[in-house]
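Comments concern the structure below.
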Amino acid sequence: MIGLTPERIVEELEAFNARLTRGIQTLSGVGEIEAGVSPREAVYREDKLILYRYRPRATEPHPVPLLIVYALVNRPYMMDLQEDRSMIRGLLDAGLDVYLIDWGYPDAGDRGLTLSDYIDRYITHCVDYLRDRHRQDSINLLGVCQGGALSLCFASLYPERIRNLVTMVTPVDFHTPDNLLTHLIRHVDVDLLVDTLGNLPGGLLNFAFLSLSPFRLAGQKYVDMMDILDDAEALKNFLRMEKWIFDSPDQAGEAFRQFAKDFFQQNKLVRGEVIIGDRRVDLHHVAMPVLNVYATQDHLVPPAASRALADCCGSQDYAELSFRGGHIGIYVSARAQREIPPAIADWLLGR
């Protein structure tokens, strides 16, 4: 290569070594990486579940509370990662009274938990707690990713308890051609997997997610990290994301079995064939106002997988909000902070 002399190679290596040395010094001074910054209190507990209320930032928050149902496969502090990257803070600033379900970390004693336990018991008890606490017949519900699918099931089975439903990066049609995760799971013997392992290890699921974009998620980002080793704040931001990515709870075996087979492999949600307990989930019963938020560059939940909700829910007040970004960027990017919480709040407060 032109200009690449032995002397130049030595200079580059020395510069790289100096940067790496400074980076190690920066890393040693970073300290503990904290995530989840908004003040909150636990108001209800059941088994591993904790229901949190976030301290309102408005003098008189809206009387109808908003309950966030996050996915089972990741930790919910992605919604409140840091002060300038917090979907929850944006919702609080807009005057909403925000609650969130933290599912905790299932252990061997939870392997028998089913989707009915999560929907008919856990979500139902949290919704009823908020209805009693706020003296409301119905509340607002925000379901995120897999939590959005669970929220759709709940809203179908208990429509009278939900005033407005917001789904965010939520899969509905699991068999769109560009759904890489379905292509991966389609050939897995789920029964053998669960019967062998009991609970599904979070690390195994995390490996599957990373394998969908291996160059970017398992290689390039660590090369790019070299450019921020001198910047303590940027490094903290990077490490917060890493902490969340690898903080993967195990999945209760029976709930994972049903979700993988009924949703991913057999696409029963969009076809109205999912059975929760002894009741069928019919999305036509989701007749309350619905706001469906999706990301146009989502590699986990393609836009078509989410937008399928328009054709199968029963709402006469259905709206979509598209975000130009990816599955993670919709939570934490600067543009998402400016666009998503105000849009959700305006939609809810208008109803």
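Based on DSSP H runs of at least 4 residues, each adding -39500 (n - 2.57), what is the mean residue ellipticity at 222 nm of the chain after dividing by all its residues, to the nearest 500 deg cm²/dmol?
Result for the chain: -11000 deg cm²/dmol, rounded to the nearest 500.
Do the alpha carbons of any pairs in Lys243/Lys268; Lys236/Lys268; Lys48/Lys243 sit beyond 30 Å of each other, and which pairs?
Exceeds cut-off: Lys243/Lys268; Lys236/Lys268.
Can you give the charge dipole size of the chain about its Cα centre, rounded to the nearest 20 debye, using +1 on the beta carbon of Lys and Arg and -1 on the beta carbon of Asp and Glu?
540 debye
How much of the DSSP beta bridge set in the range 78-170 is antiparallel, as a percent to the nearest 5?
Of all bridge pairs located within the range 78-170, approximately 25 percent are antiparallel.
Relative contact order of the range 74-168, please, whole-number percent, based on alpha carbon pairs below 8 angstrom and at least 6 residues apart.
Across the range 74-168, relative contact order equals 19 percent.
Would you mind checking which residues have amide H under 5 Å from Tyr44's amide H? H placed 1.01 Å from N; only 5 or more apart, or other chain.
Leu51
Report, by chain and number, residues whose modeled amide H sits under 5 Å from the one on Ala71, excluding near sequence neighbours (fewer than 5 apart, same chain).
Long-range HN contacts for Ala71: Val144, Gln146, Gly147.
Restricting the count to DSSP beta bridges whose residues both fall in the chain, what percent are antiparallel, rounded to a multiple of 5?
Percentage antiparallel, nearest 5: 40.
How would you rank Asp191, Asp128, going from fewest to most other Cβ atoms within 10 Å of each one's own Cβ?
In order of increasing Cβ crowding within 10 Å: Asp191, Asp128.
Taking only C-alpha pairs under 8 Å that are 6+ residues apart, what is the relative contact order of the chain in percent?
RCO, the chain: 22 percent.
Since every read-out is calculated from the coordinates, none of them should be taken as a lab result. Owing to the predicted nature of the structure, the values given are computational and were not obtained by experimental measurement. Note that we place each Cβ from the backbone using ideal geometry, even for glycine, and neighbour counts take in every protein chain shown.
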